[in-house]
Amino acid sequence: MFAALFDGGSPFFSCRRCGKCCEGRGGIVVSPRDLTRLSVFLGMPGREVLDRCTEPMRGQPVIRCGSDGFCMFFRAGEGCSIHPARPAVCRAWPFFRGNLVDRVSFGMARQDCPGISRGCSHAAFAREGYRYLREYKLLARDRRTEGAMLIVDEKDLPLTGR
């Protein structure tokens with residue numbers, strides 16, 4: 001099921017490549033694993049990727065935004081220009097901690113993102129999201145080097161379809 005996530009095969013999320021999740025400064029933390037992946041994909045040393053593509057925020061490197069307020073790698077009408085090498089935070093969308101553990105956050109994300117299913121309950125979305133993060137090894141453990149939005153404990157997830 002997860003392989004089809006971006007091809008419309010998931011009952012919970014199907015990316016529309018609209019870029020709504022690519023807008024805004026400071027949310028895309030670049031972990032050491034992300035840096036390695038980006039370095040290989042972009043064909044430049046890690047230090048150069050950090051210098052050219054990130055800026056420091058709260059002690060962590062985050063992807064720079066263009067003057068339009070979108071991630072520097074987002075191309076209107078096309079989507080992400082680094083999609084195969086995108087950071088873990090991007091790979092995880094919309095299954096962020098807030099959306100998994102908080103119904104209000106989930107409702108706001110569902111209202112803003114056209115790819116999130118309108119027919120799924122928060123509990124079902126949360127369980128599926130946690131499985132997705134676990135399966136693709138996107139769960140984070142270290143706030144100092146990874147996005148805190150990927151630190152999720154299964155015990156914090158809703159138990160029923162409230």
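The residue list Met72, Gln60, Phe96 was ranked by how far each Cα lies along the charge dipole of the chain toward its positive end, using unit charges on Cβ atoms, and Phe96 comes out on top. Partnerless cysteines in the chain, where a partner means another cysteine C-beta under 4.7 angstrom, comprise Cys15, Cys18, Cys21, Cys53, Cys65, Cys80, Cys90, Cys113, Cys120. Taking Ala88, Ala76, Ala109 as the candidate residues, the one with maximal mean-square fluctuation in a Gaussian network model of the chain, Cα springs under 10 Å, is Ala76.
Here the Debye sum runs over all C-alpha atoms of the chain as equal scatterers in vacuum, and log10 of I(q)/I(0) at q = 0.09, 0.11, 0.18 Å⁻¹ comes out as -0.29, -0.43, -1.17.
How much mean residue ellipticity at 222 nm does the chain get from its helices, if each DSSP H run of length 4 or more adds -39500 (n - 2.57) and you divide by all residues, to the nearest 500 deg cm²/dmol?
Theoretical 222 nm ellipticity from helices: -9000 deg cm²/dmol.
Dipole size of the chain about its Cα centre, with +1 on Lys/Arg Cβ and -1 on Asp/Glu Cβ: approximately 180 debye, rounded to the nearest 20. Here r is the Cβ-Cβ distance between Glu48 and Arg17 and R0 is 25 Å; the resulting FRET efficiency, rounded to 0.05, is 0.35. Close amide H partners of Ser117, meaning residues 5 or more places away or on another chain with modelled amide H under 5 Å apart, are Phe13, Ser14.
When the Gaussian network model of the chain links Cα atoms closer than 10 Å, the mean-square fluctuations of Glu135, Glu55, Glu23 top out at Glu135.
No value in this document is a laboratory result; all are computed from the given coordinates. Values in this document were obtained by computation on a predicted structure and should not be read as measured data. Neighbour counts are summed over all protein chains in view; Cβ atoms, including those assigned to glycine, are modelled from backbone coordinates with ideal geometry.
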